[in-house]
Structure formats: structure tokens, C-alpha cells
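The values are calculated or read from the model by the stated rules, or taken from the named source; none is laboratory data. No experiment lies behind these values; they were computed from the predicted model shown. Every residue, glycine as well, gets a Cβ built from its backbone with ideal geometry; the counts of neighbours run over all protein chains shown. With ligands, DNA and RNA removed, areas are computed over all heavy atoms of the protein, side chains included. Shrake-Rupley method; radii C 1.70, N 1.55, O 1.52, S 1.80 Å.
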Amino acid sequence: MKPFLLLLYLLLSACAGLPSAIENAPAINVSYNQISHDINNYKDAPVRWGGVIIDVENEAHASLIQVLYYPLDFSGRPQLHKTGAGRFVVKSAEFLDPAVYAKDKEITVAGVITGDIEQTVGKRVIQVPLLSATAIHLWPTYPNYNDYRGYNGPYPYFGYPGYYPYFRGGFYGPYYRW
């Protein structure tokens, strides 16, 4: 019985966890709202934040990524179905190509809060938290199968058995035996 439990534990632990780029980075559990209200108390605090990329700017010796904050789930991926809390800026010493780190891609960053930075949104100047990145994970995008014309999802391609409009005939009527 013990070998079975050990095997089950190993299999389940392999499926869960953070991506390797951000799993070993130290972080405290502090929300965006706590830090944005009083940034000076959280200076040099290690955090793990994520969200959706808004913009990427490359300077001479650093790259700045402006991100819309979303809370993370158990795997470290931003939860886009929840409400975004606000913006933050990630500073990286590496060159980050704007074609790769494109707008609307999901990102998770581990780093240290170094203060705040002024950002212009429209005609307004706002102060947003500045995060110095130690590890960055860009999440892959998966195709939406409903975007393909004539393809309604994975097997069975002819519809779902047992439901009339989809049963072996799709939208063309019921299945007839010849």
C-alpha cells in the first residue's frame, strides 16, 4: 500500500507547481492594493505578481514592461476572469523584444519592489509600483478551437452522440440509416 501512495504522491506533485523560471524566487504574499497604498513600507520586498502586458519600452540599459495586475492562481498564472487592480512596471536588465513580449500576453514576474515610477496614461500622470525583475515567465497562448471555421472542437467531429441536433448529422438533421 505504501509504494502505491508514494507513486500517487509523486505523480500528483509533478502536475502541480509553478513554472521553473519563477518557482525558486523568494516572494511574500502581498497584494497589489496593499503595496500601491503605501509603497515605502514595502520597499525591497520580494513579490510574485502577474498580469497582462500593456506596453514594452526599451531603454539603453534596461527594458520596462507595463503590466495590468491580476491575482495569480495556484500555478502562478494570472486569473483573467477576476478584476484587474491596476498597473505596475517591471524593470529588467535584459533586452526584452516587444515582438515576443507583445501587448495582451500573460506574464508572471518574480522580483523586488524598488519604489514607484511615473507613467502617463492618456493625458494623466500616475504613480505605479516599480518591480525589479529577478525572473520572468511569459505564458504560452493556446488557440481557440471555435475560431476555426467548420471546426467545433475535438473528437467526435460529427457532434456529440445522444443529442439530437449534433447526433451523427450535425446541423443537417438526424442520422439516417440507408
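Looking at the structure I just gave you, is Phe95 modelled with pLDDT of 90 or more, aromatic (Phe, Trp, Tyr) and open to solvent by less than 30 Å² (accessible area, probe 1.4 Å)? Write out each step before concluding.
Details: modelled with pLDDT of 90 or more: yes; aromatic (Phe, Trp, Tyr): yes; open to solvent by less than 30 Å² (accessible area, probe 1.4 Å): no.
In short, no.
Step by step: first the residues of region 71-92, then only those that are of a type in the set (S, T, N, Q) and open to solvent by less than 40 Å² (accessible area, probe 1.4 Å), then the one that is farthest from the chain's Cα centre (by Cα). Which residue is that?
Here the residue is Ser92.
A quick yes/no check of all residues on (1) within 27 Å of Val125 (Cβ to Cβ); (2) of a type outside the set (A, V, I, L, M); (3) in contact (Cβ under 8 Å) with a residue 12 or more places away in the chain:
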| position | (1), (2), (3) |
| --- | --- |
| Asp73 | no, yes, no |
| Gly86 | yes, yes, yes |
| Lys91 | yes, yes, yes |
| Leu96 | yes, no, yes |
| Val100 | no, no, yes |
| Gly111 | yes, yes, yes |
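Would you confirm, using the coordinates I've provided, whether Asp38 is without any contact (Cβ under 8 Å) to a residue 40 or more places away in the chain and either open to solvent by 40 Å² or more (accessible area, probe 1.4 Å) or out of contact with any His (no Cβ under 8 Å at 6 or more places or on another chain) (or both)?
So Asp38 passes the test.
I need the full set of residues from region 26-48 which are among the small types (Gly, Ala, Ser) and out of contact with any Pro (no Cβ under 7 Å at 6 or more places or on another chain), in order please. Steps first, answer last, please.
From region 26-48, those among the small types (Gly, Ala, Ser) are 27, 31, 36, 45; that's our starting set.
Ser31, Ala45, listed by residue number.
Run down Thr134, Thr108 and say which single residue is assigned to a strand (DSSP E or B), among the hydroxyl-bearing types (Ser, Thr, Tyr), modelled with pLDDT of 90 or more and open to solvent by 40 Å² or more (accessible area, probe 1.4 Å). Even if it seems obvious, please write down each step before you answer.
On the way: Thr108 fails: open to solvent by 40 Å² or more (accessible area, probe 1.4 Å).
Step by step, each of Thr134, Thr108 is checked, and only Thr134 is assigned to a strand (DSSP E or B), among the hydroxyl-bearing types (Ser, Thr, Tyr), modelled with pLDDT of 90 or more and open to solvent by 40 Å² or more (accessible area, probe 1.4 Å).
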